[in-house]
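Notes to accompany the following structure.
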Amino acid sequence: MEPSSSKQPRFEGVRTLGHGSGKSLVQLVVDHLHSNQHVVIKYIPRGEPVNFYKYVLREILNHQQLSLYRHPHIVQFHEVILTPRYLGLVMEHIDGLDLQSYLTKQGGTLSEEVARFLFQQLTITMEFIHKKGKVNRNIKLENVLVVESGPLPLIKLYDFGLSKDKYEDSAPHSQIGTALFTAPEVFLNVQGHAYEGEAVDVWACGVVLYMLLFGTHPFIAESDASFTPPEQMVRLIENTVKGLLQIPSGSENKLSVDLLRRILVPNPKQRYGIKEIMTHPWFQENLPPGALDLNASCAAINYMAARQTPETIKLLVTTAMQSVGPDGNLLPLKAATTMDWLDDDFPLTPS
């Protein structure tokens, strides 16, 4: 670990929170250099194939840039550290559950009041991210943190592993993400054409809302349960591409369903955008005063001081491409993998 000015190590482990994608490890630690505050460190192994770190660098830089505005619904990114075995991403610690766990804890569905409040926060946060030139491309229940700090829960976004910057990166064009939350145009994009990342994010937010309200997936029918998992995946893709939205009996005339029908539209050009969602009557109901001014307020503040420059981060990530051998010397770089053809994107995952 990185030493502090005293003999005491800077970071003191508390417990392991889980494992991320690949071989990454997520731990809760105490940062003795910053008022003994609890932080989360995502440890990514050093010495992976070199092209892997392009994705890591993009995740870090996008998350850091968004964190500078101190948006209340985005987990703060602090800095990058380097150990002999790992590259560490140090982030704000949020004492809460991911949205999937929260939904399960609540019995599998939420009331319209709670679901709407969570969706309002998610939509407003996505508007902020998009206005800053970023797209997330991996919105799903597991990537939204929920904090139960009052009568209604608050959310925080923390995962930017598939994010892109429209000004710094190539346009989105690959089949990536999590299949349950993937938009039809991504499934259909076998030729690698560019698509609108903002519309893909909106689709995923619509799937999240549906699952909060009804506890099932909008494009999985009850009859699909009799199929094998591979067959269910095929059915999911077919139903999604065809727009076969499953409306629970008795819900056809609800305003929430009207909104879902406008979001979960296969053609992205006909799909509601963030602005249309935010003016819909169901979204507007019980909207907290000043909620729509939040993003402008965050954007207007001066940048907070980043702990590291982008150049420092790039140097640390580049160094992490080489692992340290038993003798303390750097080992040779691992060659790029066949994932290069994806042009900086990860392939779709089932769930």
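If you check Val40, Val90, Val114 for being within 19 Å of Thr318 (Cα to Cα) and over 15 Å from the mean Cα position of the chain (by Cα), only one passes: Val90. Can you say whether Gly108 is on the phi > 0 side of the Ramachandran plot, surrounded by fewer than 23 Cβ atoms within 10 Å (Cβ to Cβ) and out of contact with any strand residue (DSSP E or B) (no Cβ under 8 Å at 6 or more places or on another chain), as far as the supplied structure shows? Yes: the conditions hold for Gly108. Taking region 216-269 as the range and being surrounded by 15 or more Cβ atoms within 10 Å (Cβ to Cβ), assigned to a loop (DSSP other than H, G, I, E, B) and basic (Lys, Arg) as the test, only Lys254 passes. Regarding region 30-45, can at least one residue be identified that is in contact with a helix residue (DSSP H, G or I) (Cβ under 8 Å, 6 or more places away or on another chain), in contact (Cβ under 8 Å) with a residue 60 or more places away in the chain and outside the structural domain of Gly133 (by TED's automatic domain parsing)? Yes, because at least one residue in region 30-45 is in contact with a helix residue (DSSP H, G or I) (Cβ under 8 Å, 6 or more places away or on another chain), in contact (Cβ under 8 Å) with a residue 60 or more places away in the chain and outside the structural domain of Gly133 (by TED's automatic domain parsing). Somewhere in region 169-178, is a residue over 20 Å from Met91 (Cα atoms), in contact with an Asp or Glu (Cβ under 9 Å, 6 or more places away or on another chain), buried (at least 18 other Cβ atoms within 10 Å of the Cβ) and of a type in the set (Val, Ile, Thr)? Yes. Of note, Leu213 does not satisfy the criterion of being crowded, with 22+ Cβ neighbours inside 10 Å and either within 25 Å of Lys164 (Cβ to Cβ) or not assigned by TED's automatic domain parsing to the domain that holds Val144 (or both). Can you name the residue in region 7-30 that is exposed (fewer than 12 other Cβ atoms within 10 Å of the Cβ) and farther than 24 Å from Gly161 by Cβ and is also modelled with the lowest pLDDT among such residues? Across region 7-30, the extreme among qualifying residues is Lys7. Does region 108-126 include one or more residues that are of a type in the set (Ser, Thr, Tyr), in contact with a Cys (Cβ under 9 Å, 6 or more places away or on another chain) and in contact (Cβ under 8 Å) with a residue 24 or more places away in the chain? Yes: region 108-126 contains one or more residues that are of a type in the set (Ser, Thr, Tyr), in contact with a Cys (Cβ under 9 Å, 6 or more places away or on another chain) and in contact (Cβ under 8 Å) with a residue 24 or more places away in the chain.
Taken over region 83-105, the criterion of being surrounded by fewer than 16 Cβ atoms within 10 Å (Cβ to Cβ) and over 29 Å from Asp293 (Cα atoms) is satisfied by Thr83, Pro84, Arg85, Ser101, Thr104, Lys105. The criterion of being outside any loop (DSSP other than H, G, I, E, B) and either under 14 Å from the mean Cα position of the chain (by Cα) or β-branched (Val, Ile, Thr) (or both) does not hold for Glu185. Here Gly161 clears all of (1) surrounded by fewer than 19 Cβ atoms within 10 Å (Cβ to Cβ); (2) among the small types (Gly, Ala, Ser); (3) modelled with pLDDT under 95 except the condition numbered (1).
The values are calculated or read from the model by the stated rules, or taken from the named source; none is laboratory data. Quantities reported herein were computed from a predicted structural model and do not represent experimental measurements. Cβ: placed from backbone, ideal geometry, glycine included. Neighbour counts: every protein chain shown.
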